[in-house]
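Here's the structure we're looking at; comments come further down.
The values are calculated or read from the model by the stated rules, or taken from the named source; none is laboratory data. Just so we're clear, the structure is a prediction, and the values are computed from it rather than from any experiment. Cβ placement follows ideal geometry from the backbone for every residue including glycine, while neighbour counts extend to all protein chains displayed. With ligands, DNA and RNA removed, areas are computed over all heavy atoms of the protein, side chains included. Shrake-Rupley method; radii C 1.70, N 1.55, O 1.52, S 1.80 Å.
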Amino acid sequence: MLSFTVQASDLTQRQSQLEAIQQQISSQQSALKDTSSQHEKLIKLLKKDEQAIANAAKKVNNTKASLATTDKQLAALESRRVTLDKLKKIQQQTLSNQLASAYLAGNHDYTKMLLNQQSPATIERLLAYYQYLNKARIDSINKLQQTITELDSVEAEQKQKQIRLNQLVLEQQLQAKNLTQEQAQRQQTLTQLQRTLNSHGAKLEQLQIEEASLKRVVEQALKAMKDSPVMEGLSRQHKLNWPTQGRIRSGFGSQRSGEVKWKGVIVAAPEGQSVSAIAPGKVIYADWLRGFGMVMVVDHGKGYMSLYGHAQTLLKNAGDTVDKGETIALVGRSGGQTEPGLYFEVRHKGQAIDPALYCKR
């Protein structure tokens with residue numbers, strides 16, 4: 001009887017332990033689910049933050065371009081103003097000399113000349129001479145008036161351009177402030193996001209999700225390429241320039257985590273540095289992509305495409321055509337990166353190829 005009581009007590013204890021373990025499992029599953037849900041919310045928030053940064057950076061870039069254009073216009077106007085001012089002084093001096101010559105020659109009355117009984121030939125020559133002088137003076141006056149009118153117009157345009165320049169400077173200051181605020185917000189989101197990836201397994205899982213996202217984009221791009229106009233593609237014989245200047249931080253085929261390897265390269269470069277198209281082509285994708293941030297894919301024809309990721313902002317839209325060397329984006333840290341750089345891929349018929357085979361070392 002005593003043995004049975006001990007067995008029953010032992011069974012009850014093990015049952016209690018089992019229930020406690022089940023509660024722990026359930027609690028951990030719930031926590032894991034909550035963490036996963038929180039992670040997805042943070043990914044969406046990161047996307048919003050990085051898109052806001054992209055918009056602010058694009059405005060800053062456009063304003064810089066407008067400032068440069070306005071500066072050139074002001075310089076050209078100033079050069080023209082100086083030329084016109086010199087011309088005005090020369091024309092004023094010429095007219096002054098003509099008036100002085102006319103004064104020294106005296107004011108001749110045509111009637112007096114006839115009464116002086118000078119020969120008709122002499123009178124005719126004098127009349128022709130005075131008509132020539134009068135025409136020269138009138139021409140000089142007209143040219144001077146034209147110069148003064150153009151000079152006034154140039155000076156008025158200069159004032160307008162200077163006002164516009166001042167407005168652009170104020171706009172740029174405001175845009176730079178907004179960009180700084182958006183970057184600070186993004187950093188807060190990124191810090192929280194990294195806390196949810198506190199294990200190697202979680203990080204590896206995210207990399208696999210990002211790889212799958214990139215694969216879908218490449219598949220979409222391949223479909224879009226079928227409708228693209230015929231282009232020359234890429235050639236290994238004529239090496240191209242890299243899309244931006246910098247050192248290779250992660251090489252093609254190097255290990256990212258576990259079995260996940262880089263399908264492209266990471267070029268370490270300053271944030272905001274220009275990113276150029278490696279060859280002529282058509283933009284077939286330009287949007288935010290999980291793990292890669294602001295991404296652009298350019299179709300170069302014959303199954304070749306180039307991909308540019310982690311951009312701060314994209315300066316071209318899907319459907320735009322681009323020339324070789326044309327600025328299409330700016331280097332950034334989008335996609336949750338902590339260091340600025342450009343992610344760059346070259347693919348042929350969907351398969352990733354080492355970009356160094358096509359770009360100059």
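Need one word for segment 274-321: rounded, prolate or oblate. Basis is the Cα gyration tensor (sqrt eigenvalues a ≥ b ≥ c); a/c below 1.5 gives rounded, then a/b vs b/c decides. It comes out prolate by the Cα gyration axes. Going Cα to Cα from K215, which aspartates and glutamates come in below 15 Å? Please leave out same-chain ones fewer than 8 positions away. Within the straight-line cut-off, K215 pairs with D287, E345. Across segment 69-76, computed HN-Hα scalar couplings (Karplus, 6.51 cos²θ - 1.76 cosθ + 1.60, θ = phi - 60°) run 5, 5, 4, 5, 5, 5, 5, 5 Hz from first to last residue, x flagging Gly and Pro. When you work out D = kT/(6 pi eta Rh) for segment 276-361 at 20 °C and 1.002 mPa s, using the Kirkwood radius from C-alpha pairs as Rh and the Stokes-Einstein form, the result is 168 µm²/s. Ranked by the mean number of other Cβ atoms within 10 Å of their residues, highest first, the peptides 179-185, 150-156 come out as 179-185, 150-156. When peptides 67-76, 266-275, 241-250 are ranked by their average number of other Cβ atoms within 10 Å per residue, the highest-first order is 266-275, 241-250, 67-76. Excluding ligands, DNA and RNA, the accessible surface per residue across segment 214-311 is 47 Å² with a 1.4 Å probe.
Amide H to amide H, with H built 1.01 Å from N, V295 comes under 5 Å of D287, W288, L289, counting only residues 5 or more places away or on other chains.
Summarising the amide proton neighbourhood of G264: residues at separation of 5 or more, or on other chains, whose placed amide H is nearer than 5 Å comprise G253. Which of the residue pairs K48/K263; K261/K282; K41/K324 have a Cα-Cα distance greater than 31 Å in the structure shown? Table pairs above 31 Å Cα-Cα are K41/K324. Couplings for segment 293-300, taken from phi via the Karplus curve 6.51 cos²θ - 1.76 cosθ + 1.60 with θ = phi - 60°, read x, 6, 10, 10, 10, 10, 8, 10 Hz in order; Gly and Pro are left as x.
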